[in-house]
(Lines give C-alpha, C1' and ligand atoms only; values in the text may rest on other atoms or scores of the structure.)
Protein backbone atom coordinates (compact mmCIF):
# COMPACT_ATOMS: atom_id res chain seq x y z
CA UNK A 1 0.00 0.00 0.00
CA UNK A 2 1.29 3.46 -0.96
CA UNK A 3 1.82 5.55 2.16
CA UNK A 4 3.51 8.92 2.48
CA UNK A 5 6.37 9.39 4.93
CA UNK A 6 4.14 11.35 7.33
CA UNK A 7 1.41 8.69 7.13
CA UNK A 8 3.96 6.01 8.03
CA UNK A 9 5.29 7.99 11.01
CA UNK A 10 1.77 8.69 12.35
CA UNK A 11 0.64 5.07 11.82
CA UNK A 12 3.68 3.66 13.65
CA UNK A 13 3.09 5.97 16.61
CA UNK A 14 -0.62 5.20 16.64
CA UNK A 15 0.17 1.46 16.65
CA UNK A 16 2.01 1.89 19.96
CA UNK A 17 -0.93 3.47 21.81
CA UNK A 18 -3.90 2.16 19.75
CA UNK A 19 -5.63 5.49 20.40
CA UNK A 20 -4.22 9.02 20.69
CA UNK A 21 -5.36 12.63 20.46
CA UNK A 22 -4.09 14.82 17.65
CA UNK A 23 -2.11 16.86 20.18
CA UNK A 24 -0.41 13.70 21.49
CA UNK A 25 0.52 12.65 17.94
CA UNK A 26 1.97 16.11 17.25
CA UNK A 27 4.17 15.76 20.34
CA UNK A 28 5.23 12.18 19.57
CA UNK A 29 5.98 12.65 15.85
CA UNK A 30 7.43 16.16 15.92
CA UNK A 31 5.22 17.08 12.93
CA UNK A 32 3.09 20.20 12.61
CA UNK A 33 -0.58 19.77 13.53
CA UNK A 34 -1.71 20.35 9.93
CA UNK A 35 0.69 17.60 8.75
CA UNK A 36 -0.66 15.17 11.36
CA UNK A 37 -4.25 15.95 10.38
CA UNK A 38 -3.48 15.47 6.69
CA UNK A 39 -1.76 12.16 7.45
CA UNK A 40 -4.73 10.96 9.56
CA UNK A 41 -7.18 11.86 6.81
CA UNK A 42 -5.03 9.91 4.36
CA UNK A 43 -4.86 6.88 6.67
CA UNK A 44 -8.62 7.04 7.22
CA UNK A 45 -9.31 7.07 3.47
CA UNK A 46 -7.16 3.89 3.20
CA UNK A 47 -8.98 2.19 6.08
CA UNK A 48 -5.89 2.12 8.34
CA UNK A 49 -7.14 4.53 11.03
CA UNK A 50 -10.32 6.23 12.20
CA UNK A 51 -10.43 9.92 13.01
CA UNK A 52 -13.01 11.07 15.58
CA UNK A 53 -14.16 14.58 16.41
CA UNK A 54 -16.35 15.98 19.16
CA UNK A 55 -17.30 19.61 19.72
CA UNK A 56 -18.66 21.02 22.95
CA UNK A 57 -19.85 24.46 24.02
CA UNK A 58 -17.92 25.77 26.99
CA UNK A 59 -18.08 28.91 29.15
CA UNK A 60 -15.10 31.02 30.20
CA UNK A 61 -14.59 34.27 32.09
CA UNK A 62 -14.27 37.57 30.26
CA UNK A 63 -11.68 40.13 31.38
CA UNK A 64 -14.40 41.75 33.50
CA UNK A 65 -15.27 38.35 34.96
CA UNK A 66 -11.61 37.68 35.87
CA UNK A 67 -11.49 41.05 37.65
CA UNK A 68 -14.69 40.26 39.57
CA UNK A 69 -13.23 36.88 40.55
CA UNK A 70 -10.34 38.76 42.23
CA UNK A 71 -12.09 41.73 43.86
CA UNK A 72 -15.73 40.57 44.05
CA UNK A 73 -18.90 41.51 42.23
CA UNK A 74 -20.00 45.17 42.59
CA UNK A 75 -23.03 44.28 44.78
CA UNK A 76 -20.83 42.36 47.25
CA UNK A 77 -18.32 45.21 47.48
CA UNK A 78 -21.15 47.62 48.30
CA UNK A 79 -22.76 45.16 50.71
CA UNK A 80 -19.52 44.91 52.69
CA UNK A 81 -19.58 48.69 53.18
CA UNK A 82 -23.26 48.64 54.14
CA UNK A 83 -22.62 45.90 56.73
CA UNK A 84 -19.99 48.13 58.32
CA UNK A 85 -21.88 51.45 58.18
CA UNK A 86 -25.55 50.48 57.96
CA UNK A 87 -26.22 53.15 55.33
CA UNK A 88 -24.25 55.10 52.77
CA UNK A 89 -24.73 57.87 50.20
CA UNK A 90 -24.67 56.69 46.59
CA UNK A 91 -21.98 59.25 45.74
CA UNK A 92 -19.66 57.76 48.38
CA UNK A 93 -19.54 54.52 46.41
CA UNK A 94 -17.52 56.17 43.62
CA UNK A 95 -14.44 55.27 45.66
CA UNK A 96 -15.10 51.53 45.30
CA UNK A 97 -17.04 51.27 42.03
CA UNK A 98 -16.30 52.35 38.49
CA UNK A 99 -18.79 54.58 36.65
CA UNK A 100 -20.01 51.58 34.65
CA UNK A 101 -20.59 49.57 37.87
CA UNK A 102 -22.25 52.47 39.71
CA UNK A 103 -25.09 52.95 37.22
CA UNK A 104 -26.85 49.58 37.78
CA UNK A 105 -25.93 49.11 41.46
CA UNK A 106 -29.21 50.46 42.90
CA UNK A 107 -31.18 48.08 40.70
CA UNK A 108 -28.94 45.13 41.65
CA UNK A 109 -29.30 45.76 45.41
CA UNK A 110 -33.07 46.20 45.12
CA UNK A 111 -33.39 43.01 43.04
CA UNK A 112 -31.57 41.01 45.72
CA UNK A 113 -33.51 42.79 48.51
CA UNK A 114 -30.22 43.77 50.19
CA UNK A 115 -30.86 47.51 50.53
CA UNK A 116 -33.60 50.10 50.67
CA UNK A 117 -33.21 53.33 48.73
CA UNK A 118 -34.53 56.73 49.80
CA UNK A 119 -33.91 60.40 49.10
CA UNK A 120 -32.66 62.91 51.66
CA UNK A 121 -32.81 66.26 49.88
CA UNK A 122 -30.75 65.84 46.73
CA UNK A 123 -28.87 62.82 48.11
CA UNK A 124 -29.67 59.17 47.39
CA UNK A 125 -29.23 56.99 50.49
CA UNK A 126 -28.75 53.20 50.50
CA UNK A 127 -29.66 51.42 53.76
CA UNK A 128 -29.03 47.73 54.43
CA UNK A 129 -31.94 45.34 55.02
CA UNK A 130 -32.24 42.20 57.14
CA UNK A 131 -31.86 40.15 53.98
CA UNK A 132 -28.66 42.05 53.19
CA UNK A 133 -27.23 41.21 56.61
CA UNK A 134 -27.95 37.51 56.13
CA UNK A 135 -27.04 37.24 52.45
CA UNK A 136 -24.92 34.26 51.41
CA UNK A 137 -23.58 32.69 48.23
CA UNK A 138 -25.92 32.86 45.20
CA UNK A 139 -25.88 30.73 42.01
CA UNK A 140 -24.05 33.49 40.10
CA UNK A 141 -21.38 33.63 42.82
CA UNK A 142 -20.96 29.88 42.66
CA UNK A 143 -20.50 29.99 38.87
CA UNK A 144 -17.96 32.80 39.16
CA UNK A 145 -15.94 30.77 41.67
CA UNK A 146 -16.23 27.64 39.53
CA UNK A 147 -14.97 29.42 36.39
CA UNK A 148 -12.13 31.07 38.31
CA UNK A 149 -10.99 27.66 39.62
CA UNK A 150 -11.36 25.60 36.43
CA UNK A 151 -10.87 28.17 33.63
CA UNK A 152 -13.50 26.61 31.38
CA UNK A 153 -16.69 24.73 32.25
CA UNK A 154 -19.10 22.96 29.86
CA UNK A 155 -22.16 25.07 29.06
CA UNK A 156 -24.53 22.23 30.03
CA UNK A 157 -22.98 22.19 33.53
CA UNK A 158 -23.19 25.98 33.90
CA UNK A 159 -26.86 26.06 32.89
CA UNK A 160 -27.79 23.68 35.69
CA UNK A 161 -26.76 26.51 38.04
CA UNK A 162 -27.56 29.76 36.19
CA UNK A 163 -28.66 30.75 32.69
CA UNK A 164 -25.82 31.82 30.40
CA UNK A 165 -27.89 34.87 29.36
CA UNK A 166 -27.46 36.37 32.85
CA UNK A 167 -23.68 35.94 32.69
CA UNK A 168 -23.52 37.47 29.20
CA UNK A 169 -25.75 40.38 30.15
CA UNK A 170 -23.39 41.28 32.98
CA UNK A 171 -20.36 40.63 30.74
CA UNK A 172 -18.99 38.17 33.30
CA UNK A 173 -18.58 35.18 30.97
CA UNK A 174 -18.80 34.22 27.31
CA UNK A 175 -19.43 31.08 25.26
CA UNK A 176 -16.85 29.30 23.15
CA UNK A 177 -16.57 25.98 21.35
CA UNK A 178 -13.77 23.48 21.90
CA UNK A 179 -13.20 20.65 19.47
CA UNK A 180 -11.52 17.43 20.57
CA UNK A 181 -9.98 15.22 17.86
CA UNK A 182 -8.51 11.76 18.38
CA UNK A 183 -7.60 8.78 16.24
CA UNK A 184 -7.50 5.04 16.67
CA UNK A 185 -5.78 2.39 14.57
CA UNK A 186 -7.91 -0.18 12.75
CA UNK A 187 -7.23 -3.93 12.52
CA UNK A 188 -6.13 -3.35 8.93
CA UNK A 189 -3.62 -0.74 10.15
CA UNK A 190 -2.30 -3.07 12.86
CA UNK A 191 -1.83 -5.87 10.33
CA UNK A 192 0.17 -3.57 8.03
CA UNK A 193 2.43 -2.49 10.93
CA UNK A 194 3.05 -6.16 11.88
CA UNK A 195 4.16 -6.88 8.32
CA UNK A 196 6.69 -4.06 8.60
CA UNK A 197 6.84 -0.50 7.27
CA UNK A 198 10.00 0.86 5.64
CA UNK A 199 10.77 4.50 6.37
CA UNK A 200 12.58 6.30 3.58
CA UNK A 201 13.21 10.00 3.11
CA UNK A 202 10.43 11.46 1.01
CA UNK A 203 10.53 14.60 -1.13
CA UNK A 204 7.71 16.37 -2.94
CA UNK A 205 9.96 18.36 -5.28
CA UNK A 206 12.76 17.00 -7.49
CA UNK A 207 15.42 19.72 -7.35
CA UNK A 208 18.51 20.21 -9.60
CA UNK A 209 20.69 19.47 -6.55
CA UNK A 210 19.09 16.04 -5.99
CA UNK A 211 19.60 15.18 -9.66
CA UNK A 212 23.22 16.39 -9.96
CA UNK A 213 24.29 14.75 -6.69
CA UNK A 214 22.62 11.43 -7.49
CA UNK A 215 20.73 11.53 -4.17
CA UNK A 216 17.47 11.18 -6.02
CA UNK A 217 18.19 7.42 -5.98
CA UNK A 218 18.03 7.44 -2.15
CA UNK A 219 14.73 9.23 -1.72
CA UNK A 220 11.10 8.44 -2.40
CA UNK A 221 9.15 10.89 -4.52
CA UNK A 222 5.91 11.78 -2.81
CA UNK A 223 2.78 10.67 -4.64
CA UNK A 224 -0.06 13.15 -4.82
CA UNK A 225 -3.59 11.90 -4.21
CA UNK A 226 -5.87 14.18 -6.19
CA UNK A 227 -8.90 12.69 -4.44
CA UNK A 228 -7.66 13.40 -0.92
CA UNK A 229 -9.93 15.73 1.11
CA UNK A 230 -8.52 19.25 1.24
CA UNK A 231 -9.59 22.58 2.62
CA UNK A 232 -12.15 24.29 0.41
CA UNK A 233 -10.86 27.42 -1.31
CA UNK A 234 -13.10 30.39 -2.12
CA UNK A 235 -11.44 32.38 -4.92
CA UNK A 236 -12.25 36.04 -5.50
CA UNK A 237 -15.26 36.66 -7.71
CA UNK A 238 -17.78 39.34 -8.53
CA UNK A 239 -20.56 39.97 -6.08
CA UNK A 240 -23.45 37.79 -7.41
CA UNK A 241 -25.89 40.64 -7.95
CA UNK A 242 -23.22 42.80 -9.59
CA UNK A 243 -22.48 39.91 -11.97
CA UNK A 244 -26.22 39.64 -12.77
CA UNK A 245 -26.47 43.36 -13.62
CA UNK A 246 -23.39 43.15 -15.83
CA UNK A 247 -24.98 40.23 -17.70
CA UNK A 248 -28.19 42.21 -18.24
CA UNK A 249 -26.17 45.17 -19.54
CA UNK A 250 -24.17 42.96 -21.90
CA UNK A 251 -27.30 41.17 -23.16
CA UNK A 252 -29.11 44.42 -23.96
CA UNK A 253 -26.08 45.82 -25.78
CA UNK A 254 -25.87 42.58 -27.80
CA UNK A 255 -29.54 43.11 -28.71
CA UNK A 256 -28.63 46.48 -30.21
CA UNK A 257 -29.67 48.77 -27.35
CA UNK A 258 -27.67 51.95 -26.64
CA UNK A 259 -26.91 52.61 -22.95
CA UNK A 260 -27.97 55.93 -21.43
CA UNK A 261 -25.65 57.09 -18.62
CA UNK A 262 -25.60 59.94 -16.12
CA UNK A 263 -23.10 60.91 -13.39
CA UNK A 264 -25.50 61.97 -10.63
CA UNK A 265 -28.19 60.27 -8.55
CA UNK A 266 -29.92 63.63 -8.07
CA UNK A 267 -32.52 65.01 -10.49
CA UNK A 268 -34.67 68.12 -10.70
CA UNK A 269 -38.38 67.48 -10.50
CA UNK A 270 -38.46 68.78 -14.08
CA UNK A 271 -36.77 65.66 -15.45
CA UNK A 272 -38.21 63.27 -12.88
CA UNK A 273 -41.83 64.42 -13.34
CA UNK A 274 -42.58 67.46 -15.52
CA UNK A 275 -40.82 66.31 -18.69
CA UNK A 276 -42.76 63.04 -18.33
CA UNK A 277 -46.11 64.89 -18.36
CA UNK A 278 -46.76 64.15 -14.69
CA UNK A 279 -48.75 67.05 -13.16
CA UNK A 280 -47.30 69.06 -10.30
CA UNK A 281 -50.29 68.26 -8.08
CA UNK A 282 -49.90 64.51 -8.56
CA UNK A 283 -49.79 62.65 -5.16
CA UNK A 284 -46.65 60.72 -6.22
CA UNK A 285 -44.73 64.02 -5.96
CA UNK A 286 -45.44 64.35 -2.23
CA UNK A 287 -42.98 63.38 0.54
CA UNK A 288 -44.85 60.13 1.20
CA UNK A 289 -43.88 58.76 -2.23
CA UNK A 290 -40.59 60.46 -3.09
CA UNK A 291 -37.55 61.75 -1.24
CA UNK A 292 -36.62 65.42 -1.49
CA UNK A 293 -33.25 67.11 -1.06
CA UNK A 294 -32.86 69.57 1.84
CA UNK A 295 -29.63 71.11 0.62
CA UNK A 296 -29.10 72.22 -2.05
CA UNK A 297 -32.82 72.58 -2.53
CA UNK A 298 -33.07 73.73 -6.16
CA UNK A 299 -31.27 73.07 -9.44
CA UNK A 300 -31.40 74.52 -12.97
CA UNK A 301 -33.93 74.10 -15.73
CA UNK A 302 -32.83 73.20 -19.29
CA UNK A 303 -33.08 75.53 -22.33
CA UNK A 304 -36.03 77.93 -22.40
CA UNK A 305 -37.63 76.55 -25.59
CA UNK A 306 -37.91 73.02 -24.11
CA UNK A 307 -39.28 74.38 -20.81
CA UNK A 308 -41.93 76.38 -22.69
CA UNK A 309 -43.10 73.30 -24.62
CA UNK A 310 -43.37 71.27 -21.39
CA UNK A 311 -45.23 74.15 -19.70
CA UNK A 312 -47.66 74.38 -22.63
CA UNK A 313 -48.29 70.59 -22.51
CA UNK A 314 -49.16 70.84 -18.82
CA UNK A 315 -51.30 73.98 -18.99
CA UNK A 316 -53.10 73.74 -22.37
CA UNK A 317 -52.03 70.42 -23.90
CA UNK A 318 -50.31 69.24 -27.08
CA UNK A 319 -51.24 66.86 -29.92
CA UNK A 320 -54.94 67.61 -29.54
CA UNK A 321 -55.16 67.18 -25.74
CA UNK A 322 -56.31 69.79 -23.21
CA UNK A 323 -53.36 69.29 -20.81
CA UNK A 324 -53.84 69.23 -17.05
CA UNK A 325 -55.46 72.67 -16.87
CA UNK A 326 -53.42 74.37 -14.10
CA UNK A 327 -50.74 77.07 -13.85
CA UNK A 328 -47.37 75.31 -14.19
CA UNK A 329 -44.70 76.44 -11.68
CA UNK A 330 -41.03 76.60 -12.78
CA UNK A 331 -40.03 76.93 -9.09
CA UNK A 332 -41.61 73.54 -8.33
CA UNK A 333 -39.88 72.01 -11.36
CA UNK A 334 -36.46 73.23 -10.12
CA UNK A 335 -36.67 71.34 -6.79
CA UNK A 336 -33.96 68.65 -6.37
CA UNK A 337 -34.62 65.04 -5.37
CA UNK A 338 -32.93 61.61 -5.43
CA UNK A 339 -34.05 59.98 -8.70
CA UNK A 340 -37.35 58.15 -8.17
CA UNK A 341 -37.30 56.17 -11.44
CA UNK A 342 -35.01 55.55 -14.37
CA UNK A 343 -37.64 56.96 -16.78
CA UNK A 344 -36.15 60.37 -15.97
CA UNK A 345 -33.18 59.37 -18.15
CA UNK A 346 -35.52 58.36 -20.96
CA UNK A 347 -36.93 61.89 -20.92
CA UNK A 348 -33.44 63.38 -20.98
CA UNK A 349 -32.41 61.19 -23.91
CA UNK A 350 -35.53 62.00 -25.95
CA UNK A 351 -34.95 65.72 -25.42
CA UNK A 352 -31.27 65.33 -26.38
CA UNK A 353 -32.21 63.52 -29.60
CA UNK A 354 -32.46 59.89 -30.68
CA UNK A 355 -32.01 57.74 -33.76
CA UNK A 356 -35.28 56.71 -35.42
CA UNK A 357 -35.60 53.75 -35.34
CA UNK A 358 -33.58 53.37 -32.12
CA UNK A 359 -33.35 51.34 -28.89
CA UNK A 360 -32.08 52.74 -25.58
CA UNK A 361 -31.71 51.46 -22.02
CA UNK A 362 -30.27 52.41 -18.62
CA UNK A 363 -29.60 50.63 -15.30
CA UNK A 364 -29.98 53.17 -12.51
CA UNK A 365 -30.15 53.34 -8.72
CA UNK A 366 -33.48 54.83 -7.64
CA UNK A 367 -34.98 55.85 -4.29
CA UNK A 368 -38.53 55.62 -2.92
CA UNK A 369 -39.96 55.65 0.62
CA UNK A 370 -41.28 52.18 1.43
CA UNK A 371 -41.51 49.59 4.19
CA UNK A 372 -38.56 47.18 4.06
CA UNK A 373 -39.60 43.55 3.66
CA UNK A 374 -38.82 40.47 1.53
CA UNK A 375 -39.89 42.17 -1.71
CA UNK A 376 -39.39 45.90 -1.03
CA UNK A 377 -36.36 48.18 -0.59
CA UNK A 378 -36.09 51.97 -0.29
CA UNK A 379 -33.02 52.05 -2.56
CA UNK A 380 -32.93 49.69 -5.52
CA UNK A 381 -31.93 49.27 -9.16
CA UNK A 382 -34.22 49.74 -12.12
CA UNK A 383 -33.76 48.90 -15.79
CA UNK A 384 -35.52 51.47 -17.93
CA UNK A 385 -35.61 51.55 -21.67
CA UNK A 386 -37.52 52.58 -24.74
CA UNK A 387 -37.76 51.79 -28.42
CA UNK A 388 -38.67 54.51 -30.92
CA UNK A 389 -39.88 53.74 -34.46
CA UNK A 390 -42.53 54.71 -37.01
CA UNK A 391 -44.49 51.41 -36.95
CA UNK A 392 -44.35 50.40 -33.27
CA UNK A 393 -47.43 49.40 -31.28
CA UNK A 394 -48.46 47.95 -27.92
CA UNK A 395 -48.01 44.32 -29.04
CA UNK A 396 -44.34 44.99 -29.75
CA UNK A 397 -43.98 46.21 -26.16
CA UNK A 398 -45.57 43.07 -24.66
CA UNK A 399 -43.30 40.86 -26.76
CA UNK A 400 -40.15 42.66 -25.59
CA UNK A 401 -41.21 42.47 -21.92
CA UNK A 402 -42.05 38.76 -22.07
CA UNK A 403 -38.76 37.92 -23.78
CA UNK A 404 -36.87 39.98 -21.21
CA UNK A 405 -38.52 38.23 -18.23
CA UNK A 406 -38.20 34.66 -19.55
CA UNK A 407 -34.91 34.67 -21.46
CA UNK A 408 -32.88 37.13 -19.42
CA UNK A 409 -34.29 36.80 -15.90
CA UNK A 410 -35.35 33.15 -16.00
CA UNK A 411 -39.00 33.66 -14.95
CA UNK A 412 -41.16 30.63 -15.83
CA UNK A 413 -44.57 32.32 -15.92
CA UNK A 414 -45.42 35.93 -16.82
CA UNK A 415 -48.72 37.80 -16.85
CA UNK A 416 -49.80 41.33 -17.85
CA UNK A 417 -52.43 43.49 -16.14
CA UNK A 418 -53.87 46.89 -17.14
CA UNK A 419 -52.34 49.82 -15.24
CA UNK A 420 -52.12 53.61 -15.24
CA UNK A 421 -49.14 55.97 -15.49
CA UNK A 422 -49.42 59.71 -16.24
CA UNK A 423 -46.92 59.48 -19.13
CA UNK A 424 -48.07 56.30 -20.96
CA UNK A 425 -51.30 55.26 -22.68
CA UNK A 426 -52.06 52.39 -22.89
CA UNK A 427 -50.19 51.19 -19.78
CA UNK A 428 -49.47 47.72 -18.44
CA UNK A 429 -48.10 46.08 -15.29
CA UNK A 430 -46.00 42.91 -15.58
CA UNK A 431 -45.77 40.21 -12.90
CA UNK A 432 -43.79 36.98 -12.77
CA UNK A 433 -44.36 33.85 -10.69
CA UNK A 434 -41.84 33.07 -7.93
CA UNK A 435 -41.99 29.53 -6.42
CA UNK A 436 -41.73 30.90 -2.84
CA UNK A 437 -43.44 34.31 -3.06
CA UNK A 438 -46.13 33.66 -5.67
CA UNK A 439 -46.90 36.39 -8.21
CA UNK A 440 -44.51 39.34 -7.83
CA UNK A 441 -44.97 42.68 -9.62
CA UNK A 442 -41.67 43.83 -11.08
CA UNK A 443 -42.36 46.35 -13.81
CA UNK A 444 -44.57 48.87 -15.51
CA UNK A 445 -44.64 49.81 -19.18
CA UNK A 446 -46.65 51.53 -21.88
CA UNK A 447 -46.61 53.75 -24.96
CA UNK A 448 -45.36 57.25 -24.17
CA UNK A 449 -48.14 59.83 -24.55
CA UNK A 450 -47.80 62.29 -27.40
CA UNK A 451 -48.12 65.21 -24.96
CA UNK A 452 -44.78 64.02 -23.55
CA UNK A 453 -42.93 62.99 -26.71
CA UNK A 454 -43.95 66.03 -28.80
CA UNK A 455 -42.92 68.39 -25.98
CA UNK A 456 -39.49 66.67 -26.04
CA UNK A 457 -39.22 67.03 -29.82
CA UNK A 458 -40.08 63.47 -30.92
CA UNK A 459 -42.75 62.82 -33.56
CA UNK A 460 -42.80 59.00 -33.63
CA UNK A 461 -44.29 56.26 -31.38
CA UNK A 462 -42.16 55.35 -28.33
CA UNK A 463 -42.73 52.16 -26.30
CA UNK A 464 -41.10 52.21 -22.87
CA UNK A 465 -40.71 50.22 -19.65
CA UNK A 466 -39.30 50.44 -16.14
CA UNK A 467 -38.44 47.15 -14.45
CA UNK A 468 -37.43 46.51 -10.84
CA UNK A 469 -34.40 44.44 -11.77
CA UNK A 470 -33.77 43.54 -8.10
CA UNK A 471 -36.91 41.41 -8.10
CA UNK A 472 -35.96 39.69 -11.35
CA UNK A 473 -32.54 38.95 -9.81
CA UNK A 474 -34.32 37.03 -7.03
CA UNK A 475 -35.56 34.59 -9.69
CA UNK A 476 -32.16 34.14 -11.30
CA UNK A 477 -30.20 33.85 -8.03
CA UNK A 478 -32.75 31.59 -6.37
CA UNK A 479 -33.43 33.74 -3.28
CA UNK A 480 -36.72 34.64 -1.59
CA UNK A 481 -35.64 37.84 0.22
CA UNK A 482 -34.66 40.90 -1.82
CA UNK A 483 -32.43 42.18 1.00
CA UNK A 484 -30.04 39.30 0.36
CA UNK A 485 -28.93 40.97 -2.89
CA UNK A 486 -26.97 43.42 -0.73
CA UNK A 487 -26.10 40.98 2.05
CA UNK A 488 -22.76 40.73 3.86
CA UNK A 489 -23.47 37.05 4.60
CA UNK A 490 -20.20 35.36 3.57
CA UNK A 491 -21.84 31.94 3.28
CA UNK A 492 -24.32 33.23 0.71
CA UNK A 493 -21.70 35.31 -1.13
CA UNK A 494 -19.45 32.25 -1.43
CA UNK A 495 -22.15 29.77 -2.43
CA UNK A 496 -24.48 31.96 -4.54
CA UNK A 497 -25.21 30.70 -8.03
CA UNK A 498 -22.79 31.68 -10.77
CA UNK A 499 -24.59 33.61 -13.50
CA UNK A 500 -23.71 32.05 -16.87
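What the table below lists for this structure:
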{"quantity": "Looking only at segment 205-219, and only at residues there that are under 49 Å from the mean Cα position of the chain (by Cα) and surrounded by 10 or more Cβ atoms within 10 Å (Cβ to Cβ), the one that is farthest from residue 8 (Cα to Cα)", "calculated": "207"}
{"quantity": "Hits in segment 77-92 (condition: surrounded by 12 or more Cβ atoms within 10 Å (Cβ to Cβ), in contact (Cβ under 8 Å) with a residue 24 or more places away in the chain and part of a helix (DSSP H, G or I))", "calculated": "78, 79, 82, 83, 90"}
{"quantity": "Some residue of segment 296-313 being touching a residue at least 40 places away in the same chain (Cβ under 8 Å) and over 16 Å from residue 450 (Cα atoms)", "calculated": "yes"}
{"quantity": "Some residue of segment 180-203 being over 30 Å from residue 113 (Cα atoms), without any contact (Cβ under 8 Å) to a residue 40 or more places away in the chain, surrounded by 10 or more Cβ atoms within 10 Å (Cβ to Cβ) and touching a helix residue (DSSP H, G or I) at 6+ places or on another chain (Cβ under 8 Å)", "calculated": "yes"}
{"quantity": "Subset of segment 325-357 (residues that are touching a strand residue (DSSP E or B) at 6+ places or on another chain (Cβ under 8 Å) and assigned to a helix (DSSP H, G or I))", "calculated": "331, 333, 343, 344, 345, 346, 349, 350"}
{"quantity": "Residue under evaluation residue 66, criteria (1) surrounded by fewer than 19 Cβ atoms within 10 Å (Cβ to Cβ); (2) assigned to a helix (DSSP H, G or I); (3) touching a strand residue (DSSP E or B) at 6+ places or on another chain (Cβ under 9 Å); (4) in contact (Cβ under 8 Å) with a residue 60 or more places away in the chain, criterion not met", "calculated": "(3)"}
{"quantity": "Answer residue from segment 447-482, given it is out of contact with any helix residue (DSSP H, G or I) (no Cβ under 7 Å at 6 or more places or on another chain) and farther than 20 Å from residue 411 by Cβ and is surrounded by the fewest Cβ atoms within 10 Å (Cβ to Cβ) among those", "calculated": "459"}
{"quantity": "Failed item, numbered, when residue 162 is tested on (1) exposed (fewer than 14 other Cβ atoms within 10 Å of the Cβ); (2) touching a residue at least 12 places away in the same chain (Cβ under 8 Å); (3) within 48 Å of the chain's Cα centre (by Cα); (4) farther than 27 Å from residue 91 by Cα", "calculated": "(1)"}
{"quantity": "Matching residues in segment 93-102 - criterion: being exposed (fewer than 12 other Cβ atoms within 10 Å of the Cβ) and under 42 Å from the mean Cα position of the chain (by Cα)", "calculated": "98, 99, 100"}
{"quantity": "Residue 278 outside any helix (DSSP H, G or I) and within 18 Å of residue 346 (Cβ to Cβ)", "calculated": "yes"}
{"quantity": "Counted residues, segment 1-28 - those being under 44 Å from the mean Cα position of the chain (by Cα) and within 13 Å of residue 183 (Cβ to Cβ)", "calculated": "10"}
{"quantity": "Filter result (out of contact with any strand residue (DSSP E or B) (no Cβ under 6 Å at 6 or more places or on another chain) and farther than 22 Å from residue 439 by Cβ) within segment 366-390", "calculated": "369, 378, 389, 390"}
{"quantity": "Some residue of segment 398-413 being modelled with pLDDT of 85 or more and touching a helix residue (DSSP H, G or I) at 6+ places or on another chain (Cβ under 8 Å)", "calculated": "no"}
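For every residue, the table says whether it meets (1) in contact with a strand residue (DSSP E or B) (Cβ under 6 Å, 6 or more places away or on another chain); (2) assigned by TED's automatic domain parsing to the domain that holds residue 423; (3) at negative phi.
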position: 251; (1), (2), (3): no, yes, yes
position: 266; (1), (2), (3): yes, yes, yes
position: 270; (1), (2), (3): no, yes, yes
position: 279; (1), (2), (3): no, yes, yes
position: 283; (1), (2), (3): no, yes, yes
position: 315; (1), (2), (3): no, yes, yes
position: 323; (1), (2), (3): no, yes, no
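Residues are listed down the side, and each one gets a yes or a no for (1) more than 30 Å from residue 242 (Cα to Cα); (2) out of contact with any helix residue (DSSP H, G or I) (no Cβ under 8 Å at 6 or more places or on another chain); (3) assigned to a loop (DSSP other than H, G, I, E, B):
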position: 271; (1), (2), (3): no, no, no
position: 290; (1), (2), (3): no, no, yes
position: 301; (1), (2), (3): yes, no, yes
position: 359; (1), (2), (3): no, yes, no
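The values are calculated or read from the model by the stated rules, or taken from the named source; none is laboratory data. Since the structure is predicted, the reported quantities are computational estimates derived from the model, not experimental observations. Don't worry about glycine lacking a Cβ; one is built from the backbone with ideal geometry, like all the others, and counts go over all protein chains shown.
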